[in-house]
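In what follows, a structure is listed as structure tokens, so that the remarks can point back to it.
Just so you know, all these numbers are worked out from the coordinates, no wet-lab data involved. Worth saying up front: this structure is predicted, and the values here are computed from it rather than measured. Cβ sites come from the backbone with ideal geometry, for glycine too, and all protein chains shown count toward neighbours.
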Amino acid sequence: GGFQVFSLSDRRKLTEEGAHFRSHIDGSKHLFTPENVVDTQRIIGADIMMALDECTPGDADYDYAKKSLALTRRWLDRGWKHFCETEGLYGYKQTFFPIVQGCVYPDLRIEAAKHVADLGADGNAIGGLAVGEPTEKMYEMIEVVNEVLPQDKPRYLMGVGTPANILEGIERGVDMFDCVMPTRNGRNGMLFTRNGIMNMRNKKWADDFSPLDPEGTSYVDTCYSKAYLRHLFISEEILAMQIASIHNLAFYVWLTQEARCQILAGTFKSWKDEMICRVTTRL
């Protein structure tokens, strides 16, 4: 998809036809088009299919971002047309989310959001953020885009992010997120908790035999101690990565469930402000 177009930029060439790649395995050539990525996602049976786009770097200049957005728009129109002309293979309905691009330029984001909203898809995605732009710019672009995207359709912020990013996104009208951070950072010894961030490689945990996270919602939080998890990381045991990943995923689930409860109770703003301070603290 679009992020791979971005992250594998040294292996790809973009044309009107699509994204041309060279395999990192054997150097063979491959082509992603707006149509064949729909076909692939039909075969996979994806519940939510994503449009092929170019994920513009966060520091791109205006002229490049405008040219990139124009290509993304033409690809989107082709992909949407192909989606509408094809059917799922497994007897159930699949959805297709178009993606709003436009880098950090409000006028481009507004233009893209209007076009995306006009398609009337079941949900809409916000892409091209958390790719090198300042965090403040990311939040600004979310606000700009969500002023345009329909409120009664899910809004999906792609590739974001930290617990603080998620809470800020929710406050600005985002409904859905995806990110490698809970597992990637977990594999490197970083644990997210409601009281702050723990680096499990730090010596301070070496003799701390208290539960990993007394307030955690996963079984690993009370089955294992901080000292034991640190020992596993220092010993380079795969189990360390597994425990940390399970903990972080459970924490992210708790965070978003609690955010929903706070929204329904009408107390989200005050709760979120307090949680931002807590989840960004280094323990």
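For the pairs Lys93/Lys153; Lys203/Lys226; Lys66/Lys137; Lys13/Lys67; Lys226/Lys269, note any where the Cα-Cα span goes beyond 21 Å. The answer is Lys226/Lys269. Where in segment 136-180 does the amide nitrogen come within less than 14 Å of the point 7 Å from the Cα of Asp122, taken along Cα to Cβ? Only 153-155 pass the distance filter. Label positions at Asp178 and Glu236, each projected 7 Å from the Cα along the C-beta direction, are separated by 3.2 nm. In a DSSP loop and with at most 12 other Cβ atoms within 10 Å, the chymotrypsin sites (Phe, Trp or Tyr not before Pro) in segment 170-229 are Phe209, Tyr219. Residues in segment 119-137, backbone N under 20 Å from the label point at Lys153 (7 Å along the Cα-to-beta-carbon vector): list them, ranges by number please. What the label zone holds, given the 20 Å backbone N cut-off, is 119-129.
Computing FRET efficiency as 1/(1 + (r/R0)^6) for Lys137 and Arg194, where r is the C-beta to C-beta distance and R0 is 22 Å, gives about 0.20. Segment Lys29..Arg282, full-extension length gain: 86.5 nm, with 0.36 nm per residue of separation and the alpha-carbon distance subtracted.
One decimal place: the segment Ala265-Ala206 gains 17.2 nm when fully extended, by the rule 0.36 nm per residue minus the C-alpha distance. Here the label points at Tyr92 and Ser7, each 7 Å from Cα along the C-beta direction, are separated by 2.7 nm in the simple model.
Distance from the Cα centroid of segment 123-137 to that of segment 202-238 is 34 Å (rounded to whole angstrom). Note on segment 1-72 and segment 98-122: Cα centroid distance 17 Å, given to the nearest whole angstrom. Loop-located trypsin sites (Lys or Arg not before Pro) across segment 91-184 with a Cβ neighbour count of 13 or fewer within 10 Å are Lys93, with loop assigned by DSSP. When the label point is put 7 Å from the Cα of Glu16 along its Cα-to-beta-carbon vector, which residues of segment 56-89 have a backbone N closer than 19 Å? Flagged as within label range: 66-82.
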